[in-house]
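Heads up, the thing below is written out as structure tokens.
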Amino acid sequence: MKTNATLSVVIPVFNEQENLLELLERSLKACRSVNAPFEIILVDDGSRDRSPEMLRAAADKNPGDFIAVLLNRNYGQHAAVMAGFAHAKGDVIVSLDADLQNPPEEIPNLYRKMVSEDLDVVAGIRVPREDSALRKIPSWCVNRITQKVTGVKMHDYGCMLRAYSARVVQAMLQCTEQSTFIPVLANSFAKHTAEIEVKHAARTRGDSKYSIFKLINLQFDLLTSMTTFPLRLLSYLGAVIAFFGLALGVFILIERLVQGEVWAAQGVFTLFAILFIFIGAQFVGMGLMGEYIGRIYRDVRGRPRYLVHEVKGVSRLAAP
């Protein structure tokens with residue numbers, strides 16, 4: 001990547017009027033320290049406080065530095081980030097939360113890492129993480145599951161402070177699914193990734209925008225955006241139950257022949273064996289149906305099959 005690569009910073013904003021003035025000042029100072037052309041794209045995600053007016057004022061006061069993108073209603077953090085990506089023109093695109101828990105001063109560190117090593121994704125690891133155990137424990141579980149399923153061993157998928165190359169962002173913009181989890185989606189296109197430690201601060205003003213219900217929805221988006229394993233799990237579960245029922249039936253038959261017809265509780269055990277077999281068969285059927293639905297799901301999303309990293313040489317053939 002060229003050493004004077006341009007920089008875009010995308011910040012989703014939702015009811016953050018208490019933090020905005022400090023956020024704008026610190027973000028502008030951090031970007032100027034990069035010594036490269038930059039833009040800061042602020043995406044208002046349907047805020048109901050003074051955030052939209054403050055973003056408009058910032059764009060008017062600092063033309064070319066701040067760009068305000070206002071959505072007509074609240075779509076969620078990841079949708080707002082994608083809206084910012086669609087307006088970003090930089091070679092390196094950094095996403096940042098507006099709550100100041102991830103300091104804007106980390107932006108130059110991510111930028112330099114991207115440029116110096118020609119990476120596709122640089123992810124932040126929050127150290128030390130200033131969150132409650134109620135947030136840390138589920139986050140640890142999700143990170144472990146995501147590492148296993150995607151095969152990409154990143155330590156903090158919940159950290160929005162990340163840098164992406166323009167080619168990865170353009171590939172993500174071609175994806176048409178409504179619900180997505182950006183860190184996992186980016187990794188599906190990235191060839192070279194890295195992680196760096198970033199500072200994390202406790203929220204000092206305003207309230208967290210993620211309720212328990214929203215966190216659960218986010219985890220469903222994460223799981224369904226990267227794998228159809230939950231559907232396949234039905235087939236595995238059904239096969240295990242059916243095998244258990246069949247084994248129980250064979251065991252009952254042997255014991256009945258050995259100990260006589262008084263064993264097996266007058267056929268109750270036999271009914272249990274038959275029930276297990278049928279329940280297992282139902283789960284297998286549901287799992288197979290889920291496989292077909294999963295294939296349709298993958299096709300309907302319309303993701304590109306691959307990302308071209310480099311083209312070398314020119315064909316002598318004329319275009320059709």
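The values are calculated or read from the model by the stated rules, or taken from the named source; none is laboratory data. Since this is a predicted model, take the numbers as computed values, not measurements. Cβ atoms come from the backbone with ideal geometry, glycine included; neighbour counts cover every protein chain shown.
Tabulated data for the structure shown
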quantity: Residue count, region 3-59 (criterion: surrounded by 18 or more Cβ atoms within 10 Å (Cβ to Cβ) and on the phi > 0 side of the Ramachandran plot); calculated: 1
quantity: Among the residues listed as K191, K209, the single one being assigned by TED's automatic domain parsing to the domain that holds N109, modelled with pLDDT of 80 or more and in a loop (DSSP other than H, G, I, E, B); calculated: K191
quantity: Members of region 158-188 that are assigned to a helix (DSSP H, G or I) and among the basic types (K, R); calculated: R167
